[in-house]
Each structure stands twice: as C-alpha cells, then as structure tokens.
Amino acid sequence: MKAIGYAQRGPVSADEAVVEFETDDPQPEPHDLLVEVRGVSVNPVDVKVRANRPPPDDEPRILGFDAAGVVRGVGSDVTGFDVGDEVFYAGEFTRAGSNAELQSVDERLVGRKPKSLGFADAAALPLTSITAWEILFDSFGLREGDGSGEALLVIGGAGGVGSILIQLAKQLTGLAVIATASRPETEAWVKKMGADHVVNHRNPLNEEMAALGIAPRYVATLTETEQHFPAIVELIKPRGHIAMIDDPQSIDIASIKLKALSFSWEFMFARSMFQTDDMDAQSNLLNRVSQLADEGKLMSTANKHCGPLNAANLREALTHQESGAAVGKTVLDGIG
Ligand SMILES: NC(=O)c1ccc[n+]([C@@H]2O[C@H](COP(=O)([O-])OP(=O)(O)OC[C@H]3O[C@@H](n4cnc5c(N)ncnc54)[C@H](OP(=O)(O)O)[C@@H]3O)[C@@H](O)[C@H]2O)c1
C-alpha cells in the first residue's frame, strides 16, 4: 500500500519529515478492523511525536491518528463490525497511523461514521471528541443533563478540542460556557460552536472573568496552561475542578489547596495504551457523537480542507497545525 511517514525527527519543514513510500498492507490482529482510509485530520500530537520520537531504522513511521473510512477486513474476534461498514476513530499512540491507504485498528476504539458527514468532515471529530467527552464525563464526573446554574471556562476555545468541547457541553449539559479567543475570527468561531460568552486569553483571565462577573465551577485548560494557571486558581469557584490536557513544564499544584480544588490530567490515549477493561467506552462515545451529528446537534469542526492525502498536501496541513493559529480542524481526503 501507499503510505506517508516521517524518516527524520524535527520540524515539518525538514525534507524527510513527510515522505511517501510503499509498504506491506497491515495484517489485522484478532480485535482489529482493517480500514480503507478515506479521510484524515491532523493534530498537535502529530507535531509532538515527530519532534520527540526518532523513526524506526528500516522505514518511515506512519503518523496520523484521526481517520474515517470503510471496513475491508475483520480480525477473528471482531463482533461489532462487518466488511463495508463506514467508521471513524482516533487509533492508538504506538501503532502505525492513518496516513496510509489501509490501517488496522482495534474495534473497541471505533465508532460508526456519521451518515450526514463526508469522510474528511467526519475525520475532524474522533480524537478531539474523545478528549472533550472524557473531560466532561470522566474528569469532571458530570452526567448528561448536569450542570445547571454552573459555568465552564474553556481556555483555547477555537482549537480542535475547544471547538467540540463547547458543542458537547452546550448539547449534553446545563453548563453555561465561556470560551477564550484572541482574534476576531476565533471569537466568531467559538460563538458559532455555541459559546455563551467570550473572553480574551491575551489579557489576564482572572481580570476578564471578574469583568464578566462569572466564577466557573469547571475550567478546561487546553493550551498554555503554565501561562494561565495562577489566574485559573484565582477565578475558579471554591471546590471547583480544573482539567488540563497540554504539557506544561511546571505548575504550582499546591496553590489549589486553599480553594479545595480538584485537578485532572486528561490523556485520551490512556485507555488504549494500558488496554483498560473499559476501552470500549471510546467506541460507545464515538457512536453517541455520530448520532448527535446525524441529529444535527453537533457540527463538524473541519475548517480547512487540504485536498487528497499526499506528501505536499499533508505538509501544508501540518504546517498550518504547527503555526499555533489553527481554527477548528484541518482535514484531508484519503490517499490520492
Ligand atoms: N491530553 C490529551 O488527551 C490531548 C488531546 C488533544 C489535544 N491535546 C493537546 O492539547 C493542546 C491543544 O490542542 P488543540 O488541538 O485544541 O490545539 P490547536 O487547535 O492547535 O489550538 C489552537 C488554538 O489555541 C489558541 N491559543 C493560542 N495561544 C493561546 C494562549 N496563550 N492561551 C489560550 N489559547 C491560545 C488559539 O486561539 P487564538 O487564535 O484565538 O489565540 C487557537 O485557536 C495541544 O497541546 C495538544 O497536543 C491533548
């Protein structure tokens, strides 16, 4: 099959950072689906893995996590899917990725693709939806319908995760949602996603929230946590909950004691990395996301389409992602 991988660590501008090559078709393990990939999206984790992990010696490492496609084969233990099913998923951290014609993926991580979305638009959703869902319902411990009279602050609201977290919180909980955005286009985007209020993360967030007059019980800090952490501790309600997903060098965790705050570090690859008993929670939540999209309650967060998956187009998508100025998600069609 055709695939695209990296043969050199470092920034996307390096020659060997995005190379097309031929490799053997993947062979599905017992729990795997063999999927023909028809749409993918890029994520900051693509950039981080390429920066930090050397590729294997023998051939480039295939990157890519988000995918939507069609099942072409099933492993011996697969029970939930058949050949011909349309699916979407975010895969696993350690296995070969989705930037290829075919990919093997564990069925417990796979949902049914929304019928109302094309493959590329569907591929915008899995990784960020899993992250956002786990923040709301695992980290914060909310149940659907909870949260009336309380507020959620989403820091980095126009990014990939923020875009779907705002929508899920508005559709499935009673929380008021305040999103941060610093440019006219990101402010317009978070309002389109459903944010009730917008504050600017280029200003001190405690001052922005004091001016708004809302003390949120929940804060999802999605990017630049190190910069915002002291302000978060100041602006959040006592006994509130902070969920973080990025990788700060250091934060002062002792500072959360006086308000008796809770703190969670969400990592959406944890279930698959440690093969937890409840891995299929990700399949179940993706099926719910799919249903909500088909009911018109969630929109795709795709905002930039880079065309068919080839080295030039993938490099363009990754360069945009690496700029830090992405709004929503950047997607591509299958290999072409
Ligand atoms: N742990 C996990 O499971 C997990 C899952 C997914 C992602 N992540 C990580 O989470 C982070 C965010 O991912 P993403 O896909 O949402 O990123 P993204 O799409 O690249 O986020 C871009 C957004 O960040 C905003 N931003 C830039 N500087 C900011 C600042 N100083 N303060 C607040 N917001 C700022 C920008 O808004 P403006 O243009 O308005 O400034 C832009 O809309 C990444 O580090 C990613 O690796 C972790």
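Would you mind telling me which numbered condition in (1) β-branched (Val, Ile, Thr); (2) in contact with a helix residue (DSSP H, G or I) (Cβ under 6 Å, 6 or more places away or on another chain); (3) away from the ligand (no atom under 16 Å from the Cβ) Val40 fails?
(3)
List every residue pair whose Cβ atoms sit under 6 Å apart, with the two residues 6 or more apart in sequence or on different chains, where the first one lies in region 40-59 and is more than 15 Å from Glu16 (Cα to Cα) and the second, anywhere, is of a type in the set (Ser, Thr, Tyr).
These pairs meet every condition: Val40/Ser98; Val42/Thr330.
Residues Pro30, Pro26: which one is surrounded by fewer than 15 Cβ atoms within 10 Å (Cβ to Cβ), at pLDDT 95 or above and not hydrophobic (A, V, I, L, M, F, W, C)?
Pro30
Within region 119-162, track down each residue that is within 8 Å of the ligand (Cβ to nearest atom) and either assigned to a loop (DSSP other than H, G, I, E, B) or more than 22 Å from Leu332 (Cα to Cα) (or both).
Passing the criteria: Glu134, Ile155, Gly156, Gly157, Ala158, Gly159.
Just to be sure before I move on: is Leu332 away from the ligand (no atom under 15 Å from the Cβ), part of a loop (DSSP other than H, G, I, E, B) and under 17 Å from the mean Cα position of the chain (by Cα) in the structure I sent?
no
Go through region 250-297 residue by residue and tally those that are within 16 Å of the ligand (Cβ to nearest atom), surrounded by fewer than 18 Cβ atoms within 10 Å (Cβ to Cβ) and β-branched (Val, Ile, Thr).
Here the count works out to 1.
Go through region 108-134 and give me each residue that's of a type in the set (Phe, Trp, Tyr) and in the same structural domain as Gly328 (by TED's automatic domain parsing).
The one that is of a type in the set (Phe, Trp, Tyr) and in the same structural domain as Gly328 (by TED's automatic domain parsing): Phe119.
Do we find a residue being out of contact with any Ser or Thr (no Cβ under 6 Å at 6 or more places or on another chain), outside any helix (DSSP H, G or I) and within 18 Å of Leu127 (Cα to Cα) anywhere in region 175-182?
no
Can Asn310 be described as in contact (Cβ under 8 Å) with a residue 12 or more places away in the chain and under 26 Å from Arg95 (Cα atoms)?
It is true that Asn310 is in contact (Cβ under 8 Å) with a residue 12 or more places away in the chain and under 26 Å from Arg95 (Cα atoms).
Could we say that Val233 is modelled with pLDDT of 95 or more and touching a Gly at 6+ places or on another chain (Cβ under 8 Å) here?
No, not satisfied.
Of all the residues that make up region 299-317, how many are more than 15 Å from the chain's Cα centre (by Cα) and within 16 Å of the ligand (Cβ to nearest atom)?
Looking only at that region, the number is 5.
Going by what's in this entry, would Ile178 be described as within 15 Å of the ligand (Cβ to nearest atom), assigned by TED's automatic domain parsing to the domain that holds Leu258, under 27 Å from Leu258 (Cβ atoms) and buried (at least 24 other Cβ atoms within 10 Å of the Cβ)?
yes
Only one of these conditions is not met by Lys191: (1) touching a strand residue (DSSP E or B) at 6+ places or on another chain (Cβ under 7 Å); (2) away from the ligand (no atom under 14 Å from the Cβ); (3) more than 27 Å from Ala260 (Cβ to Cβ). Which number is it?
(2)
With modelled with pLDDT of 95 or more, surrounded by fewer than 16 Cβ atoms within 10 Å (Cβ to Cβ) and in a loop (DSSP other than H, G, I, E, B) as the only criterion, which of Asp58, Asp82 stands out?
The conditions single out Asp82.
Pick out the one residue from Arg239, Arg202 that is within 10 Å of the ligand (Cβ to nearest atom), of a type in the set (Lys, Arg) and touching a residue at least 12 places away in the same chain (Cβ under 8 Å).
Testing whether each residue is within 10 Å of the ligand (Cβ to nearest atom), of a type in the set (Lys, Arg) and touching a residue at least 12 places away in the same chain (Cβ under 8 Å) leaves just Arg202.
Restricting attention to region 300-329, which residues are surrounded by 21 or more Cβ atoms within 10 Å (Cβ to Cβ) and part of a helix (DSSP H, G or I)?
Leu314, Ala317, Leu318, Gln321
The values are calculated or read from the model by the stated rules, or taken from the named source; none is laboratory data. Since the model is a prediction, treat every value here as computed from it, not as a measurement. Every residue, glycine as well, gets a Cβ built from its backbone with ideal geometry; the counts of neighbours run over all protein chains shown.
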